[in-house]
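Novice: This is the structure I have questions about; it appears just below.
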Amino acid sequence: MGGVIKTSLLRNCWYVGAWSDEVAFGRPMARTILAEPVVFLRYEDGSVNALADRCPHRYAPLHQGRQVGDQIHCPYHGLGFDRTGTCVHNPHAGTRIPSHAVARTFPVVERYAALWVWMGDGELADPDLIPDFQCHVAPDRRLVKGVVSMGANYRLINDNLLDLSHVEFLHPTTLASEAIARGEHAVHVDGLTVRSDRWCPDGAAPPAWGAQMPDHEGPVDHWLEMRWTAPSMMLLDVGITPTGQPRSAGVGALVSHNLTPETETSTHYFWGVTRDWKTEDETVDRIWEGAIEMAFVGEDAPMVMAQQVALGDQDLYDMRPALFEIDLAPNRARTILKKLLKAEARSEIPEGPVDENGVGALTAS
Ligand code: FES
Ligand SMILES: [Fe+2]
């Protein structure tokens, strides 16, 4: 009880657990989320499920098992678990199935080309709380996507993405623009959402964007508008247009950045670039994959990981960092997160595997 915050990880929210095409029938997919091993399953009818990736018998990893119809059979002693996580198949003659032979299930929703998983109290898992990423599946758009592992607490990556002033310095060959530092910046808070909007007129095109408008020489107006929804779901509306022209005369993209904590100090970073131009042109896909590899993997990841090393197990905002105007949006997001973490610390959420009686699955009956 009490409101002591012991973790930075929120449980009662939706996270991206996987891209839809990472999970196929017969190919269970394992991912650690909030320090819990999870296995994602797709059944023959196309539906999906998420179970604790620990067999309630002896903690063997279920993802190494075999899908047999609607069951996953454990690779160790062959017990089979149905969609509810209940052991319904016991190949060992003359032995009963204990009532707590149940693998925990997690609510999962397939939407926007992703599997969204709820790691907290399943009673609260309202699919309407999933933020809008319709751009992933809009028929007039093309999605290029991936997932990157970053060895840093998700809040450091939130801070990175909510303060895009860093791109001029950290991404000189891809996303940099000197116009960002002198442009306009507005931050708005609405409930659990923070908007960080930058308007950067009359500057040189960032290299990766300039390459998309090869026929244009001269200055561009550049926009970067980030929508952040707690705890770590982001959509960036970004692009360039010839200075003074409407946005429709230029090129832009809606780019999702969805962070799923793996542990306190590591994060699965799901990124998706969607565009409504040259939607059939795979060479544009490759250009964006290359830019992401260069910027996110080659530049952002080493930076946030270096921050994490410097911080150890301490939180940056406990260290009285020197903050500037550029930090306004990260500060707003941090404030929202702190409130949510306090509220969650006050509620008593069962941790670890729990069976239908609310008893730890490995508690002897
Ligand atoms: S550990 Fe899974 S069946 Fe024994
Ligand atoms: Fe970056």
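The values are calculated or read from the model by the stated rules, or taken from the named source; none is laboratory data. Quick caveat, the model's predicted, so the values are computed rather than measured. So basically every Cβ, Gly included, is an ideal-geometry build from the backbone, and we count neighbours across all protein chains shown. Just so you know, the surface numbers come from the protein's heavy atoms only, side chains and all, with ligands and any DNA or RNA stripped out. Shrake-Rupley method; radii C 1.70, N 1.55, O 1.52, S 1.80 Å.
Novice: Would you confirm, using the coordinates I've provided, whether residue 78 is assigned to a loop (DSSP other than H, G, I, E, B), within 16 Å of ligand 1 (Cβ to nearest atom), open to solvent by less than 50 Å² (accessible area, probe 1.4 Å) and of a type in the set (Gly, Ala, Ser)?
Specialist: yes
Novice: Of everything in the stretch 233-250, what is among the aliphatic types (A, V, I, L, M) and without any contact (Cβ under 8 Å) to a residue 12 or more places away in the chain? Give them in sequence order.
Specialist: Kept after step one, since they are among the aliphatic types (A, V, I, L, M), are these residues of the stretch 233-250: 233-236, 238, 240, 249.
The answer is 249, and nothing else.
Novice: A further question follows. Please work out which one of (1) out of contact with any strand residue (DSSP E or B) (no Cβ under 9 Å at 6 or more places or on another chain); (2) in the same structural domain as residue 235 (by TED's automatic domain parsing) is the condition residue 136 fails and give its number.
Specialist: Looking at each condition in turn, residue 136 falls short on (1).
Novice: What residue, of 228, 209, 199, 223, is hydrophobic (A, V, I, L, M, F, W, C) and over 25 Å from the mean Cα position of the chain (by Cα)? Show your work before the answer.
Specialist: On the way: 228 fails: over 25 Å from the mean Cα position of the chain (by Cα); 209 fails: over 25 Å from the mean Cα position of the chain (by Cα); 223 fails: over 25 Å from the mean Cα position of the chain (by Cα).
It is 199.
Novice: Against the conditions (1) in contact (Cβ under 8 Å) with a residue 40 or more places away in the chain; (2) open to solvent by 60 Å² or more (accessible area, probe 1.4 Å), where does residue 285 fall short? Just the number, please.
Specialist: Answer for residue 285: the failing condition is (2).
Novice: Have a look at 164, 175 and point out the one that is more than 16 Å from ligand 1 (Cβ to nearest atom) and either closer than 19 Å to residue 232 by Cα or aromatic (Phe, Trp, Tyr) (or both). Steps first, answer last, please.
Specialist: Values: 175 fails: either closer than 19 Å to residue 232 by Cα or aromatic (Phe, Trp, Tyr) (or both).
After applying the criteria, what remains is 164.
Novice: Quick test of your reading of the structure: residue 121 fulfils all but one of (1) over 17 Å from the mean Cα position of the chain (by Cα); (2) open to solvent by 50 Å² or more (accessible area, probe 1.4 Å); (3) free of Cβ contacts under 8 Å to residues at least 24 places away in the same chain. Name the failing condition by number.
Specialist: Unmet condition: (3).
Novice: Would you check if there is a residue in the stretch 82-96 being out of contact with any helix residue (DSSP H, G or I) (no Cβ under 9 Å at 6 or more places or on another chain), open to solvent by less than 40 Å² (accessible area, probe 1.4 Å) and either among the acidic types (Asp, Glu) or part of a strand (DSSP E or B) (or both)?
Specialist: Checked the stretch 82-96: at least one residue is out of contact with any helix residue (DSSP H, G or I) (no Cβ under 9 Å at 6 or more places or on another chain), open to solvent by less than 40 Å² (accessible area, probe 1.4 Å) and either among the acidic types (Asp, Glu) or part of a strand (DSSP E or B) (or both).
Novice: Could you please let me know if residue 197 is assigned by TED's automatic domain parsing to the domain that holds residue 259, more than 17 Å from residue 271 (Cα to Cα) and in contact with a strand residue (DSSP E or B) (Cβ under 6 Å, 6 or more places away or on another chain)?
Specialist: Values: assigned by TED's automatic domain parsing to the domain that holds residue 259: yes; more than 17 Å from residue 271 (Cα to Cα): yes; in contact with a strand residue (DSSP E or B) (Cβ under 6 Å, 6 or more places away or on another chain): yes.
In short, yes.
Novice: Okay, next question. Return yes or no: is residue 100 assigned to a loop (DSSP other than H, G, I, E, B) and touching a residue at least 60 places away in the same chain (Cβ under 8 Å)?
Specialist: Details: assigned to a loop (DSSP other than H, G, I, E, B): yes; touching a residue at least 60 places away in the same chain (Cβ under 8 Å): yes.
So residue 100 passes the test.
Novice: Mind telling me which of the residues 297, 273 ends up being within 18 Å of the chain's Cα centre (by Cα) and either surrounded by fewer than 19 Cβ atoms within 10 Å (Cβ to Cβ) or within 16 Å of ligand 1 (Cβ to nearest atom) (or both)? Let's see the steps before the verdict.
Specialist: On the way: 273 fails: either surrounded by fewer than 19 Cβ atoms within 10 Å (Cβ to Cβ) or within 16 Å of ligand 1 (Cβ to nearest atom) (or both).
Testing whether each residue is within 18 Å of the chain's Cα centre (by Cα) and either surrounded by fewer than 19 Cβ atoms within 10 Å (Cβ to Cβ) or within 16 Å of ligand 1 (Cβ to nearest atom) (or both) leaves just 297.
Novice: Look at residue 51 and say whether it is touching a helix residue (DSSP H, G or I) at 6+ places or on another chain (Cβ under 9 Å), aliphatic (A, V, I, L, M) and over 19 Å from residue 100 (Cα atoms). Steps first, please.
Specialist: Details: touching a helix residue (DSSP H, G or I) at 6+ places or on another chain (Cβ under 9 Å): yes; aliphatic (A, V, I, L, M): yes; over 19 Å from residue 100 (Cα atoms): no.
Answer is no for this residue.
Novice: Is it the case that the stretch 307-326 has a residue that's at pLDDT 95 or above, touching a strand residue (DSSP E or B) at 6+ places or on another chain (Cβ under 6 Å) and open to solvent by 40 Å² or more (accessible area, probe 1.4 Å)?
Specialist: Within the stretch 307-326 (the criterion being at pLDDT 95 or above, touching a strand residue (DSSP E or B) at 6+ places or on another chain (Cβ under 6 Å) and open to solvent by 40 Å² or more (accessible area, probe 1.4 Å)), the answer is no, since none of the residues qualifies.
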